Amino acid sequence: MRALFRIAAVAVAGAALYFAGIVNSIILEHPGRDGVGVVVLAIAVAIAILLMALTGTGRGDAVAPMPGRAWFVRATWGFVCVMALVGLGWLVGMPRQHSLDWTPYHNDAIALNECAARLVLQGRDPYTDLDVIACYQGLGIGPDRTTPLRRGAFSEVAIYPSDDQMDRVWDERASGIGSNLEFVWRPSYPALSFLFLVPVVALGVDTNYLYVACLLAAMALTVARAPRTLRPFFFTALLGAASLAAFTVGGSTDLLYALPIVVAWMYRDRKWAAVPLGIAFATKQIAWFFAPFWIIAVVTARGWRAATRDMAIAAGIFAAANLPFLLHDPGAWVAGIVTPLVEPMFARGAGLIFLFTNGGLALLPQVAYTAAEAIAGIICIVVAWRTRRMSPELGAVLAIVPLFFAWRSLFSYFFLLPLFALAAVARMPLGQLAFERARRLGGLTIFAAPSRS
């Protein structure tokens, strides 16, 4: 029965991330509101719970004794079921409302990728030809959906430019006054981030439906990978981790890399798993954080030769997807890919940095957060290596932990962690569920209590 504990723990962590994300959004919209510490603590606790849920091999957990009394198990799964209805509500409400602003272009990742896809349809290179101001004017949105930079008119801004400051500079640049130094203007992701959108944009379909479809596909594949008798619990937990549905419907391009990462991680023992891994690498840079943990897991199971082969295939897919743009203008492509690293971006996020940007603590030099991120990354790799046989699935969450300490630790980095964790649990050798014991302990799903039928 320990398997039910693992699954429920992931769902509870996802519920914590859901509430943390809502509070984070409120504070960003209305600076000065209380709750910064709660957001940071909730994300940290959620990560700790996820790591706990992935500790061990999981062998035989479907029949192993579960800690806790029946009332606690029943209460936990009752809460998960309630949150599952919340997650389901977000998915059902998708056609009517994407988020509180009632627009499909919730952030610059969505907006710029769509404009990049339109340029590809015109036979143009987005890394050289994209004009952020013309793009946004065509989409009917403004500078609040951009990524401002600490230079030009914003060079003296300490924390983050206000809406009035961004509107003023945006209007000046749109009217031809000065050059755009203040807003990220080119695609800052690998090419598949917008190439996947080309057929969707060509058909005139809202690209957010593609992102939701990727989430649903990742959920379905995770449930299918799970032991048959545990599938209702996995499905309930995926919905109960309400951060997944809410912030995908709210607008996120991250599902384009998350879906292939889920497939690659769950089936990493197969030779073809390097293909979805390469697709993820060629879609978004955050997927690169999974590389060392993938290598550790594959080396442990299949050896160094298999790991080297897989990484070579993944690198080849990355190169093939980006080659046309690299050949057309190498400088522009490299500048786009390294934008998150080299451009002077403002501190932003829901991780530790949130205490400094919105919590009243004095902002430290950027190098301090970079050092903390690097140290955390090294520690996570060491932990993954030392526990590679005892807890082989930890890497699914450890890969993202360093970003909690980064100069930019956006909430979008964390809300998908329950999906990765449940994908990792699904590949554990859990065994099959003992129905009668699960019933006595109070295991519930949004369908019913378990029964022999």
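Positive contributions from Lys and Arg (+1) and negative ones from Asp and Glu (-1), summed over other residues with Cβ under 15 Å from the Cβ of Ala158, come out at +2.
Computed from the alpha carbon atoms alone, the convex hull of segment 194-249 holds 80 Å³ per residue. With both labels modelled 7 Å from their Cα along Cα-to-Cβ, the Met390 to Met52 distance reads 1.8 nm. Each principal axis of segment 309-415 carries a Cα extent, and these read 47, 41, 24 Å when sorted largest first.
Over segment 334-385, one equal point on each Cα, no solvent: what is log10 I(q)/I(0) by the Debye formula at q = 0.23 Å⁻¹? Those come out to -0.97, one per q. Rg and Dmax over the alpha-carbon atoms of segment 62-201 stand at 21.9, 69 Å. Each Lys or Arg adds one and each Asp or Glu takes one away; over the other residues whose Cβ falls under 13 Å from the Cβ of Leu221, this sums to +3. Of the DSSP H helices in the chain, those with a Cα length along their own long axis of 15 Å or more and a mean Kyte-Doolittle hydropathy reaching -0.5 comprise 2-29, 36-53, 70-92, 108-121, 208-225, 255-266, 291-302, 304-328, 366-386.
Relative intensity of segment 5-68 on a log10 scale, I(q)/I(0) at q = 0.22, 0.24, 0.27, 0.29 Å⁻¹, equals -0.86, -0.95, -1.08, -1.17, per a Debye sum over C-alpha point scatterers of equal strength in the absence of solvent. Prolate is the label for segment 125-230, because a/c, from the alpha-carbon gyration tensor with a ≥ b ≥ c as root eigenvalues, is 1.5 or above and a/b exceeds b/c.
A simple charge model with +1 on the Cβ of Lys and Arg, -1 on the Cβ of Asp and Glu and nothing else charged puts the dipole of the chain at about 2680 debye relative to its Cα centre. When each of the peptides 184-190, 316-322 is scored by how many other beta carbons lie within 10 Å of its residues on average, the order from highest to lowest is 184-190, 316-322.
If we count every other residue with Cβ under 12 angstrom of Thr57's Cβ, Lys/Arg +1 and Asp/Glu -1, where does the sum land? Residues close to Thr57 contribute a combined charge of +4. The distance between label points at Ala319 and Ala362 comes to 4.9 nm (points 7 Å beyond Cα on the Cα→Cβ vector).
Peptides 173-183, 258-268, ordered by how many other C-beta atoms sit within 10 Å of their residues on average, highest first, read 258-268, 173-183.
No disulfide-compatible partner, judged by a Cβ distance under 4.7 Å, exists for the following cysteines of the chain: Cys81, Cys214, Cys380.
Each value in this text was obtained by applying a stated rule to the coordinates, not by laboratory testing. A quick note: this is a predicted structure, and the numbers were derived from the prediction, not measured. As a convention, Cβ positions derive from the backbone with ideal geometry for all residues, glycine included, and neighbour counts pool all protein chains shown.
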